[in-house]
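First comes the structure, then the notes that go with it.
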Amino acid sequence: MGGGVPTAIIRSGQRIAGGEMKEAYYFSHDSNARNDKKILDMLSVYGAEGYGWYWMLVEMMRDDSDYKLDMQSKYSFNAFALQLYADSTKIQSFIMDCINEFGLFESDGAFFWSNSLLRRMEKKKKSANQGQMQLINAGIMQMHQKQMQVQCKMMQRKVKERKVKEIKKKVKKILKRTNTLNS
């Protein structure tokens, strides 16, 4: 087929445990991310498995409303390991290395996140806001156009009414003149 990845948000349903549907959202990432210095450092230690874990964690961040993952719970790393199909000790080491060694993630001790994802989501949000503003402005312009049309019609009616009154006055004057002439 060919062509690039669409830049618009794509929603699709995904089946999750229990057969229920969950919304899935598209987010952009560079097709050459594997060549990034930080990613290469991580790949040198964790290989393709680590690359998969990294993107799965970024996807999990994308699904969170704040785009951050909580790491303060006693069982956070167990939960991450479950979702990444790996051992919790390995995942904890991996995440800590992504924060402290590779600089792929940032952390405040309670949460960790990807600055790259935050920037992309902020850009998406601004773009969506601009699109909404364009729609609002288009709606306002349509309302103004309709108001102008109504005002023009009202002015036309007033002009017609004035002309009709003027004509009636003229007709009355003419009728008076002819009546006085005939009498």
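Annotation: extensible slack from ALA79 through LYS146 equals 18.4 nm (criterion: 0.36 nm per residue apart, minus Cα-Cα distance).
What length, rounded to one decimal in nm, is gained on full extension from LYS37 through to MET154, with 0.36 nm per residue of separation minus their alpha-carbon distance? Spell out each step's value before the answer.
Details: separation 117, 0.36 × 117 = 42.12 nm, distance 6.90 nm.
Additional length available on full extension: 35.2 nm.
Site pair GLU166 and THR180 shows an inter-label distance of 2.3 nm when each label is modelled 7 Å from Cα along Cα→Cβ. Exposure proxy for THR180, THR89: other Cβ atoms within 10 Å of each Cβ, ordered fewest to most, give THR180, THR89.
Bear in mind these aren't lab numbers, they're just calculated from the coordinates by the rules spelled out. Every value quoted in this text rests on a predicted model; they were computed, and no experiment measured them. Positions of Cβ are backbone-derived with ideal geometry, glycine not excepted, and every protein chain shown enters the neighbour counts.
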